[in-house]
Each structure stands twice: as structure tokens, then as C-alpha cells.
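The values are calculated or read from the model by the stated rules, or taken from the named source; none is laboratory data. Predicted, not measured: the structure shown is a model, and the values here were computed from it. Because the Cβ atoms are built from the backbone with ideal geometry, glycine has one as well, and the counts that use them run over all protein chains shown.
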Amino acid sequence: MSGWQQHLAVAPVALPLLVGAIMVALDEQRARLKAALGLASILLLLGIAVFLAVRLHAGIGPGIAVYSLGSWPASFGIVLMLDRLSALLLVVTALLGLAAQLYALPRWQRMGAHFHALLQFQLMGLNGAFLTGDLFNLFVFFEVLLAASYGLALHGSGVARVKAGLHYIAINLAASLLFLIGVSMIYGVSGTLNMADLAARIPQMPAANRPLLEAGAAILGIAFLVKAAAWPLGFWLVPTYAAASPPAAAIFSMMSKVGLYAIARLALLLFGTGTGASAGFGGTWLVAVGVATIAFGAISVLATQDLPRLAGANVYISSGTLLAAVGAGQVGVTGGALFYLVSSALAIGAFFLLIELLDRGREIGADVLAVTLEAYGDGEEEDEEDDAIGVPIPATMAVLGACFLCCALLLAGLPPLSGFIAKFAMLNALLNPAGLGKGPALIPWSGWALLIALFLSGFATILAMTRAGIRNLWATEDRAVPRVRAIEIAPILMLLLVCVGMTVAAGPVMRYMQATAATLHAPQDYPRQVLGRAR
Amino acid sequence: MELILAIAIGLLASSGVWLLMRPRTFQLIIGLSLLSYAVNLFIFSMGRFPIGAPPILGPGGQGDPASFADPLPQSLVLTAIVISFATTALFLVVMLAARGLTGGDHVDGRPRR
């Protein structure tokens, strides 16, 4: 990249920071101007992200672009590191940001102060975390995105939000302290915080220093697992996400992926293949924790009775699947997992938005009542024969129902949508580690565990989603048709259409994911690109 | 020096963790503050303790590359202090909101009995 285009790499951080800062200065009365600014900023971010991804994918070489802030050479100065994974996640973040922004326009932006500015800062933190090539900067961007998320989680206020927010903030502050301990231990042992420089130094590290390095990496990993909501560190997630306002929850579905991103990035870069004595460090733990998280998520989806908590429980399953897939440490599995990441993040985001539309015009406690009726039988079932035929479904409910069906298919991983393709890619790679048709290979226990967990969690999700769908869309109880505006359905349709697009164009998208996975599994390319020298 | 610092970090961290487990929001925030002090000292200690060493270069531009006070952990501590200060202030606001909404200072929002 040359000329002005090379500076585009810093735009995903600088643009939302600038726009957010302008918004803070604007009066709260000028909501229309703020909304227009926010929308323009997010659309621009989406354009830049797509441009970066396409450019990076079409270019030759390993597909790693480096942007030195202030033109200081890497390992002294701070660098932004743009590879296919970062570019992909920038696109997904911008998509979810756009959906949240659009959805908030009619109602939610007026429910509290500074929604637009907080959303911009949230996007800045997310983009920065995906782009940075420096461990301490990762911490700073984590804090930026968390600070914005504290505001967004409390957006709209109310007892439930404040109670959940209190726990959420306390846990994240404690996790941030762990993050700092891990980062400083790694610095103390290796003398650098640049990720690529670390990848170059770790293979040569003397054996006496390795226990300290691994302890630091493990503490760092625990901090990330808290943010990724892995079992048993993620009990904060469901109350917070279920209480948060829907646009905030939609963007949070990307936030829980940041912890996973950090784990994937560092595990593959620092402890990937060919990194000396520490290669594969923590992989077994990741698989074990991931499978436990999937199991916990599967039980949670079956046990939950209301829709927001069901969506939160789906985040557990998604996190667990990704953790275990990263831990498996195979190129093919990682490629499938990346496909799954995009598909599940978009689907969960759409689901969080959809839930609020479904919940409108519904009495509080109706869910509990419905379950009770299911369990103990309903005495009124006999006298419903008279009007069983010819009750029309209102158009709004039909659209909402179609969206719900799409979300269910995507989350459960059923054909024909992209969730199935992602799961199929992961299963295929697990069953044929050497490639399809290359003869039988020994599948490790971790592969079998992940395989079974994937099947069972898909099954649990179908059951839970079907139950929720029947209860909410086909319920016989008298209920008002929710009043829904087109601009509120539009972001849900947009997210689902992207998933449909990923299904139709599965070939090129999967090639991109596999190229991303191949880059991630070749950590020796990073020092060469970032530091300009071989390890 | 090492021993004194290690004991100080240990004391701060253990008191912080103890307070973190307590049920009142005030104890929680003091616990988090103590923990962040411990972490800041810990980060500082990761730069080793070269006593009387210059920051990279001494007066007149001479310096010994084998012995200088590492400036990086100090700047990390500075950043960490600023961030933890800001997030603690933010947390305080949420606590006041919780106090106002629930009428108690229990972390689970139970009213005072």
C-alpha cells in the first residue's frame, strides 16, 4: 500500500475517536445531528474495513500490513498490525455497529444520554484491540472498550441494569488487574511488549525463564477467559447482556469475541507451531475449558425461560465453541471456527435486536406462566376447536417469525444457512486432520470431545429455540401485535442477509477464512513483516 | 529491597482480595484500589532494581548499556494508574446509582435490613 492508502490502517481507531469527541461536545438536544454523524462514521468505517480486507486478501505475500505510529521502528515504537483476521473482525464490528445505530434511531437513542458517543468509543476500542500489535496497547484498548461498554450496559438505567452493571464492572476491573500482571510478567521475562518481537524471542528463551513466561501467559489467558465468558469465569455475562438495552447487547455480542480474539492471536502467535519448547502451551486447557463452556451453555439454553437470557446463553455456546476450536490447533478447524465466529456474532446480534420486538406488547411473567402451563397441563385446550381454522397471522408477526427462524437455524447450525457451513467445516477438519480422502488418521481425545460437544449443543439449541419460537410466535394466548417500525426490522434483516450472503458465497468466504487460518498458523511470518528481519 | 517490596505487594494484594469478597460496595471499591496499588508496584518491580542507575543515559550523554533504570515499566505504571483512577471513578458513580435505586449498599442490591 502506498500514499494515503497506507494511512487507512489507523482510520478505524482515529475516526470513531474523533467523531465521538465531537459528539460529546454537542448538546444533547441535537440528537438528529448526532445520529447523522454516527451513521456516517459507521458507514465510512464499514467501507474502510471492507477495502482493507479486500486489498489485503488480493495482495501477494503473507498478508500482514504494518503501520508504525509516529514512524518509529517496531519494537521501539508502537505498531498497528493488520492481517486478514483483524480486517475480517473490523468488518464484522462495523456491521454490528451499523445495526445497533440503526436500531437505536427511533427509540433507544432517547433513553439516556450520550448513546451515540458511547457507541463510537465502543467501536474505537473494538477496532483498536483488533488492530494493535502491542500487548500494552491491547490493554489500553480493552479499557477503552470496557469503559464505553459500562456506559452502554447502563444505557436506559433502571434497577436491573444498575445491579447487573455493578457486577459486570467489578469483575472486569479485577480481570483488568490480572491482565496487567500477565503483561508485566511477560515484559519482565522477555523485555518486549511487541507481539511480533515476542514471537521472535520466545523460541530462543532460556529454559530457566520459561516457567515465568508461561505463568505470565496463563494469567493473561485467565484475564481473557473472563472477558470471553468461559466457564467458570463467565457467570457475569447473562445478567448483563439480558439487562442491557438491545442495541447495546447487539454490539456486546462482538465484545465477548474480543477476549477470544486475544486468546487466538496470542496462543497461535506465541505458542503456535514451531515456537520452540513452549509450542502448544495451554492448548489442552483451552479445549477442556471450551467444551465445559459449551456444556454449560447447552444446559443454560435448555433451562432459560425468557428470551434475553436465551440469547445470552447462546453467547456461552459460541464462546465455548471458538475456545475449543482454537485449542485444537489445526489450520482447518481454525478456518471453520472463524466462519463460525462471523456467523454466530451476526446471528446473536440480530437475535438480541429481534427479542425486544417480540417482547413488545407482552405481559411481564407470561414466560413463566407458559412454562407452568406446559408442565402442568392447560385445562382450556378443549374449547379452542371453534376458531382453530382461519386465524390470519399479521404481516409483522410473519416477518418477525421468519427472522426468528433464521436466527434459530444460524445458532443451531442447521442447513441451509451459514451456521451449518461453519459447523460442517469444523467437523470435517476434526474428522480428517490430513484433508478429505487422505486416509484414516488418529483423532485425539480433544477432537472427539469437541465433536460431541458441537452435536449436543446444536441439539440443545434447536430444542430451546423451537420451544421459545412456539411460545412466542404461535402462542394461543391473546396478545397484541407489536408495533414495529421498518427501521427497526431493517438492521435485523441486514445482519441476517449478510449471513445468507455468506451461505451463497460460501466458497470465496471460506477461502478467505482458510487463508486467515493459514496466516495465523505460520507465526514465523509476523516478525519478518513487523520487525523487517527474520527470527 | 526486594523482600520489602515483595511483602508490600503481598500485603496489599491479600487485603485487596479479602475486601473484594466482602458484601458491601464500599469494601469492594477499597479492595479494588488496594489491588491496583499492588499491581502497580508489581509492574514497577518488573523493571528490576538498579540502584543509582541513570535513566538510559547519565549526565553528559555517557551511559552504560548494561545498567540503566528501565523507563518502560514506569510509563506502564503511569498509564495503569490513570486508567484505574478513571475506571474507579466510573465505578463509584455506578455504586451511587445502585445505592439510590436499591436503597442499600449490598453488592447484590439487597436493601439494608
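Filter segment B:24-39 down to the residues that are surrounded by fewer than 22 Cβ atoms within 10 Å (Cβ to Cβ), of a type in the set (A, V, I, L, M) and more than 12 Å from B:Ser14 (Cα to Cα) and list them by number.
Listed by number, the residues that qualify are B:Ile29, B:Ile30.
For the condition in contact with a helix residue (DSSP H, G or I) (Cβ under 8 Å, 6 or more places away or on another chain) and at pLDDT below 85, what is the one hit in A:Val140, A:Val144, A:Val159? Working first, answer last.
Details: A:Val140 fails: at pLDDT below 85; A:Val144 fails: at pLDDT below 85.
Only one candidate qualifies: A:Val159.
A:Arg107 passes all but one of (1) within 14 Å of chain B (Cβ to nearest Cβ); (2) within 23 Å of A:Leu495 (Cα to Cα); which number fails?
With respect to (1) within 14 Å of chain B (Cβ to nearest Cβ); (2) within 23 Å of A:Leu495 (Cα to Cα), A:Arg107 is out only on (1).
Report yes if some residue within segment A:145-166 is more than 7 Å from every other protein chain (Cβ to nearest Cβ) and aromatic (Phe, Trp, Tyr); otherwise report no.
Looking for residues that are more than 7 Å from every other protein chain (Cβ to nearest Cβ) and aromatic (Phe, Trp, Tyr), one finds none in segment A:145-166, hence no.
Quick test for you: out of B:Val94, B:Val77, B:Val39, pick the one residue that is touching a helix residue (DSSP H, G or I) at 6+ places or on another chain (Cβ under 8 Å) and more than 7 Å from chain A (Cβ to nearest Cβ).
Details: B:Val94 fails: more than 7 Å from chain A (Cβ to nearest Cβ); B:Val39 fails: more than 7 Å from chain A (Cβ to nearest Cβ).
On inspection, the qualifying residue turns out to be B:Val77.
For segment A:111-130, indicate whether the set of residues that are touching a strand residue (DSSP E or B) at 6+ places or on another chain (Cβ under 6 Å) and not in a helix (DSSP H, G or I) is non-empty. If you could, list the steps in order and put the result at the bottom.
So in segment A:111-130, the residues touching a strand residue (DSSP E or B) at 6+ places or on another chain (Cβ under 6 Å) come out as none.
Among the residues of segment A:111-130, not one is touching a strand residue (DSSP E or B) at 6+ places or on another chain (Cβ under 6 Å) and not in a helix (DSSP H, G or I), which makes the answer no.
Can you say whether A:Leu138 is under 19 Å from the mean Cα position of the chain (by Cα) and part of a helix (DSSP H, G or I), as far as the supplied structure shows? Spell out the reasoning first.
Values: under 19 Å from the mean Cα position of the chain (by Cα): yes; part of a helix (DSSP H, G or I): yes.
Yes: the conditions hold for A:Leu138.
Only one of (1) more than 12 Å from chain B (Cβ to nearest Cβ); (2) in a helix (DSSP H, G or I) fails for A:Ala230. Which number is that?
It is condition (2) that A:Ala230 fails.
Exactly one of these conditions fails for A:Gly188: (1) in contact with a Leu (Cβ under 8 Å, 6 or more places away or on another chain); (2) buried (at least 22 other Cβ atoms within 10 Å of the Cβ); (3) facing chain B (nearest Cβ under 9 Å); (4) not acidic (Asp, Glu). Give me its number.
Condition not satisfied by A:Gly188: (2).
Could you identify the single residue in B:Val17, B:Val77, B:Val94, B:Val82 that is part of a helix (DSSP H, G or I), among the β-branched types (Val, Ile, Thr), modelled with pLDDT of 90 or more and buried (at least 16 other Cβ atoms within 10 Å of the Cβ)? First the steps, then the outcome.
On the way: B:Val17 fails: buried (at least 16 other Cβ atoms within 10 Å of the Cβ); B:Val94 fails: modelled with pLDDT of 90 or more; B:Val82 fails: buried (at least 16 other Cβ atoms within 10 Å of the Cβ).
Going through B:Val17, B:Val77, B:Val94, B:Val82 in turn, just one is part of a helix (DSSP H, G or I), among the β-branched types (Val, Ile, Thr), modelled with pLDDT of 90 or more and buried (at least 16 other Cβ atoms within 10 Å of the Cβ): B:Val77.
Name the single residue, out of those in segment A:253-293 being in a helix (DSSP H, G or I) and among the β-branched types (Val, Ile, Thr), that is surrounded by the most Cβ atoms within 10 Å (Cβ to Cβ). Walk me through it before giving the result.
Pass one, segment A:253-293, residues in a helix (DSSP H, G or I): A:253-270, A:276-278, A:283-293.
Narrowing further to those that are among the β-branched types (Val, Ile, Thr): A:258, A:263, A:284, A:287, A:289, A:291, A:293.
Working: A:Val258: 23, A:Ile263: 25, A:Thr284: 15, A:Val287: 24, A:Val289: 23, A:Val291: 24, A:Thr293: 29.
Out of the qualifying residues, it is A:Thr293.
Would you check which residues across segment A:17-72 are small (Gly, Ala, Ser) and assigned to a loop (DSSP other than H, G, I, E, B) and list them?
From segment A:17-72, those small (Gly, Ala, Ser) are A:20-21, A:25, A:31, A:35-36, A:38, A:40-41, A:47, A:49, A:53, A:58-59, A:61, A:63, A:65, A:68, A:70-71; that's our starting set.
Result: A:Gly59, A:Gly61, A:Gly63.
Within segment A:502-511, identify whether any single residue is assigned to a helix (DSSP H, G or I), more than 19 Å from A:Pro416 (Cβ to Cβ) and touching a residue at least 40 places away in the same chain (Cβ under 8 Å), and answer yes or no. Working first, answer last.
Of all residues in segment A:502-511, those assigned to a helix (DSSP H, G or I) come to A:502-504, A:506-511.
Narrowing the set further to residues that are more than 19 Å from A:Pro416 (Cβ to Cβ) leaves A:511.
From the residues that got through so far, the ones that are touching a residue at least 40 places away in the same chain (Cβ under 8 Å) too are none.
Checking segment A:502-511: not a single residue is assigned to a helix (DSSP H, G or I), more than 19 Å from A:Pro416 (Cβ to Cβ) and touching a residue at least 40 places away in the same chain (Cβ under 8 Å).
Would you point out the residue of segment B:97-113, among those that are out of contact with any Pro (no Cβ under 7 Å at 6 or more places or on another chain) and touching a residue at least 60 places away in the same chain (Cβ under 8 Å), that is nearest to the other protein chains (Cβ to nearest Cβ)? First the steps, then the outcome.
Initially, segment B:97-113 is screened for residues out of contact with any Pro (no Cβ under 7 Å at 6 or more places or on another chain), giving B:97-101, B:105, B:108-113.
So of that shortlist, the ones also touching a residue at least 60 places away in the same chain (Cβ under 8 Å) come out as B:98-99, B:105, B:108.
Values: B:Ala98: 5, B:Arg99: 10, B:Asp105: 11, B:Asp108: 7 Å.
Ranking the qualifying residues of segment B:97-113, first place goes to B:Ala98.
Kindly indicate whether any position in segment A:181-191 is in a helix (DSSP H, G or I), out of contact with any strand residue (DSSP E or B) (no Cβ under 7 Å at 6 or more places or on another chain) and within 30 Å of A:Gln101 (Cβ to Cβ).
To start, the set of residues in segment A:181-191 that are in a helix (DSSP H, G or I) comprises A:181-190.
Those left that are additionally out of contact with any strand residue (DSSP E or B) (no Cβ under 7 Å at 6 or more places or on another chain): A:181-190.
Among the residues that remain, those that are also within 30 Å of A:Gln101 (Cβ to Cβ) are: none.
For segment A:181-191, residues in a helix (DSSP H, G or I), out of contact with any strand residue (DSSP E or B) (no Cβ under 7 Å at 6 or more places or on another chain) and within 30 Å of A:Gln101 (Cβ to Cβ): absent.
Listed residues A:Leu198, A:Leu213, A:Leu119; which is within 28 Å of A:Ala9 (Cα to Cα) and in contact with a Ser or Thr (Cβ under 9 Å, 6 or more places away or on another chain)?
Working: A:Leu213 fails: within 28 Å of A:Ala9 (Cα to Cα); A:Leu119 fails: in contact with a Ser or Thr (Cβ under 9 Å, 6 or more places away or on another chain).
A:Leu198 is the lone residue from the list that is within 28 Å of A:Ala9 (Cα to Cα) and in contact with a Ser or Thr (Cβ under 9 Å, 6 or more places away or on another chain).
Going through B:Ile7, B:Ile43 one at a time, which residue ends up being part of a helix (DSSP H, G or I) and either in contact with a Pro (Cβ under 9 Å, 6 or more places away or on another chain) or among the charged types (D, E, K, R) (or both)?
Numbers: B:Ile7 fails: either in contact with a Pro (Cβ under 9 Å, 6 or more places away or on another chain) or among the charged types (D, E, K, R) (or both).
So the residue among B:Ile7, B:Ile43 that is part of a helix (DSSP H, G or I) and either in contact with a Pro (Cβ under 9 Å, 6 or more places away or on another chain) or among the charged types (D, E, K, R) (or both) is B:Ile43.
Going residue by residue through segment A:87-106, is there one that turns out to be closer than 29 Å to A:Ser157 by Cβ and not in a helix (DSSP H, G or I)?
yes
Has segment A:193-214 got any residue that is within 12 Å of chain B (Cβ to nearest Cβ) and of a type in the set (Val, Ile, Thr)? Walk me through how you get there before you give the answer.
Applying the first criterion (within 12 Å of chain B (Cβ to nearest Cβ)) to segment A:193-214 yields A:193-194, A:212.
Of the ones still in play, those that are also of a type in the set (Val, Ile, Thr) are none.
Among the residues of segment A:193-214, not one is within 12 Å of chain B (Cβ to nearest Cβ) and of a type in the set (Val, Ile, Thr), which makes the answer no.
All but one of (1) at the interface with chain A (Cβ under 7 Å from one of its Cβ atoms); (2) polar (S, T, N, Q); (3) under 30 Å from A:Leu138 (Cα atoms) hold for B:Thr88; state the number of the condition that does not hold.
In the conditions (1) at the interface with chain A (Cβ under 7 Å from one of its Cβ atoms); (2) polar (S, T, N, Q); (3) under 30 Å from A:Leu138 (Cα atoms), B:Thr88 misses (1) alone.
Restricted to segment A:380-415, and to residues that are β-branched (Val, Ile, Thr) and outside any loop (DSSP other than H, G, I, E, B), which residue is modelled with the highest pLDDT? Step through it out loud before you land on a result.
Residues of segment A:380-415 β-branched (Val, Ile, Thr): A:389, A:391, A:393, A:396, A:399.
Filter once more, keeping what is outside any loop (DSSP other than H, G, I, E, B): A:396, A:399.
Numbers: A:Thr396: 78, A:Val399: 84.
Looking at the filtered set, the residue picked out is A:Val399.
Can you find, within segment B:50-74, the residue that is farthest from the other protein chains (Cβ to nearest Cβ) among those that are in contact with a Leu (Cβ under 8 Å, 6 or more places away or on another chain) and under 22 Å from B:Glu2 (Cβ atoms)?
B:Phe68
Yes or no, residue by residue, for (1) hydroxyl-bearing (Ser, Thr, Tyr); (2) touching a residue at least 60 places away in the same chain (Cβ under 8 Å); (3) within 23 Å of A:Arg485 (Cβ to Cβ); (4) touching a Phe, Trp or Tyr at 6+ places or on another chain (Cβ under 8 Å):
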position: A:Leu17; (1), (2), (3), (4): no, yes, no, yes
position: A:Arg30; (1), (2), (3), (4): no, no, yes, no
position: A:His57; (1), (2), (3), (4): no, yes, no, yes
position: A:Leu90; (1), (2), (3), (4): no, yes, no, yes
position: A:Ala99; (1), (2), (3), (4): no, yes, yes, no
position: A:Tyr103; (1), (2), (3), (4): yes, yes, yes, no
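For residues that are touching a residue at least 60 places away in the same chain (Cβ under 8 Å), surrounded by fewer than 22 Cβ atoms within 10 Å (Cβ to Cβ) and more than 8 Å from chain B (Cβ to nearest Cβ), tally how many sit in segment A:167-185.
Here the count works out to 1.
Condition (residue is under 18 Å from A:Ala129 (Cβ atoms), without any contact (Cβ under 8 Å) to a residue 60 or more places away in the chain and not basic (Lys, Arg)) applied to segment A:193-214: is it met by at least one residue?
Within segment A:193-214 (the criterion being under 18 Å from A:Ala129 (Cβ atoms), without any contact (Cβ under 8 Å) to a residue 60 or more places away in the chain and not basic (Lys, Arg)), the answer is yes, since at least one residue qualifies.
Quick check on A:Ser418: is it surrounded by 12 or more Cβ atoms within 10 Å (Cβ to Cβ), in contact with a Cys (Cβ under 7 Å, 6 or more places away or on another chain) and modelled with pLDDT of 80 or more?
Details: surrounded by 12 or more Cβ atoms within 10 Å (Cβ to Cβ): yes; in contact with a Cys (Cβ under 7 Å, 6 or more places away or on another chain): yes; modelled with pLDDT of 80 or more: yes.
Judged against the criteria, A:Ser418 is a match.
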